[in-house]
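Just so it is clear, none of the values below were taken in a lab; they were calculated from the coordinates. As the structure is a prediction and not an experimental result, all values here were calculated from the model. Neighbour counts run over all protein chains shown; Cβ positions are idealised from the backbone, glycine included.
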Amino acid sequence: MGDSAVQQANSEFSEAWSFLKAASGVPSSVKCFLGNSYKGAKTDSKNVEFSDSWMQKCIEDNYHGYPSGHIARIGGTTFVIAHELGHLSVHPGRGCDWREEINSYPCAPTQKGDWSNVLSDIVVNFNITRCLNWKRVPDAKKEKKYRDALSEGRLWEVLTRECGTGGSRSEHLTRHNDLRVRGKVSDNRWAPPGGKPGELEGLDKATGKPTTNTPLYQTVQGHGLGSQFYPPIGFCLGMGLDPNKWAKVRLGKSITAYQCDKSNEIYCWPSTSSSPWGGTGMRLGSLSAGDYIVEGVVHYGGKTNTTDPDMPRYYKIKGALYPVSYFDSLCPDCGLVITNQFVGAYQQPFYHNTGTPIPPGDPDREHGFLYRILITQEFAANAATRGYGPLKGK
């Protein structure tokens, strides 16, 4: 059986797969299959599988706001391929008994799988983003490209905002399709050399619809067909993009921001001058539920509106600073709510279909908590090795 995912993917994907597979030293027998993993990608300890829902991340034309050639356009592709190969070359290793690994964890049986996966991901991500699992460089001309993509790829993946995911995916795609048809956004569908957007390969001559002969990636490229990706708000402001389009957010409930005189931390909960850090909170400002334009972003480490892949900490709105986790981004094109992985990991979890909070003990909430641990550990590792504010990592 061949590499079915590679056969259905674009050249950026197939090139990255070929290079990273050779660099990591996994056996040539390792295949890259097309599957339906709910996470988008997985490994069974022998081969790697990517889903059609993940394929849209690998298409540069689905990215907007990043300059041409920016590493964020290929960072997600490179990282996820390297991540799955990392489960074969770093942890737990190809051919291992993952069930034995899972059963070794000292927690409730229903939690063992998630804990094992998250802790393995932390180990893998640290190693692959630093290319520590590379056994050789298969092509010296491409070495810098992939080292850079892995060094920053994961950072950009968790920061990039995605429109077209989750329970409201169909609504987002419909809105983008309408905007494209009406000429309000560019027609970024796949086009053959010298042809028109939408003239996909292998279309049914009678219906004009894709067939099994149409490469999968062509069917998820463009507004209305696949997810569209946008830079984080701080990057947009740092690039001088119009904040009325690129920096709109939505606040779901009224909040008041305070700054602790003991720690200088800014908080909105508890909504009182009694700071969680033991000091007294000075009131900075209040906002009612509604839509706002972000005037500035303060990042962890102290930068403001940086175009570096630094995590956002506070939004400046109406002259005051507020923690970013209270806000949802609005899509620069369709205006619907979108988010990125970093901000989403620290927000209160809600059921997609009802909008009600997920209660403690629910498996979905447990999964979100574990992902927050993953993001926090990765953030700490990056701060320790890349530097944090005036501190330089070693």
Inset, instruction - In whole angstrom, note down how far apart the Cα centers of region 282-353 and region 162-213 are. - result: 30 Å
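At 0.36 nm per residue, and after removing the present C-alpha to C-alpha distance, how many nm does the segment from M239 to T354 gain when stretched out fully? Kindly include the intermediate steps, with their values, before the conclusion.
Numbers: separation 115, 0.36 × 115 = 41.40 nm, distance 3.67 nm.
Net length gain for the segment: 37.7 nm.
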Inset, instruction - With mean projected area of the Cα convex hull in nm² in mind, check (1) 18.0; (2) 48.7; (3) 22.1 and report the label derived from this structure. - result: (3)
Inset, instruction - Starting from the coordinates of the alpha-carbon atoms of region 67-124, obtain the Kirkwood hydrodynamic radius over all distinct pairs and give the value in Å to one decimal. - result: 12.9 Å
Legend entry - Estimated FRET transfer efficiency when R0 is 35 angstrom, pair C96-I373 (beta carbons, to 0.05): 0.95
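Can you give the net charge of the other residues whose Cβ lies under 13 Å from the Cβ of K184, counting K and R as +1 and D and E as -1? Walk me through the intermediate numbers first.
Details: positive: R175, R180, R182, K245; negative: D178, D187, D333.
Cβ neighbours under 13 Å give a net charge of +1.
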Inset, instruction - Provide the FRET efficiency to the nearest 0.05 for the W277-R365 pair, computing r from the beta carbons and using R0 = 22 Å. - result: 0.25
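Among the helices of the chain (complete DSSP H runs), which have Cα atoms covering no less than 30 Å along the helix axis and a Kyte-Doolittle mean of at least -1.0?
On the way: long enough: 363-386 (34 Å, -0.40).
Correct list, ordered by number: 363-386.
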Inset, instruction - Consider all pairwise Cα distances in region 72-208 and report the whole-number % of them above 25 Å. - result: 54 percent
Legend entry - Local electrostatic count, A289, Cβ distance below 11 Å [Lys/Arg +1, Asp/Glu -1]: +1
Inset, instruction - Just subtract the alpha-carbon distance of S11 and A206 from 0.36 nm times their residue separation and send over the number in nm, one decimal. - result: 67.3 nm
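If you take the Cα atoms of region 98-145, find Rg, then find the Kirkwood Rh from the mean of 1/r over all pairs, what is Rg/Rh? Please report the intermediate quantities before stating the final value.
Details: Rg = 15.9 Å, Rh = 12.9 Å.
Reported Rg/Rh, Kirkwood definition of Rh: 1.23.
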Legend entry - Debye log10 I(q)/I(0) for region 185-275, one point scatterer per Cα, at q = 0.12, 0.20, 0.22, 0.23 Å⁻¹: -0.65, -1.01, -1.07, -1.10
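Could you tally the net charge around S29, taking each other residue with its Cβ under 12 Å from the Cβ of S29, Lys/Arg +1 and Asp/Glu -1? Before the final figure, lay out the partial values.
Working: positive: K21, K31, K46, R94; negative: D3.
Net charge in that neighbourhood comes out at +3.
Under the rule of -39500 (n - 2.57) per DSSP H run of 4 or more residues, summed and divided by the residues of the chain, what mean residue ellipticity at 222 nm is obtained, to the nearest 500 deg cm²/dmol?
On the way: 13 runs with 143 residues, N = 394.
Taken over the chain, the calculation gives -11000 deg cm²/dmol.
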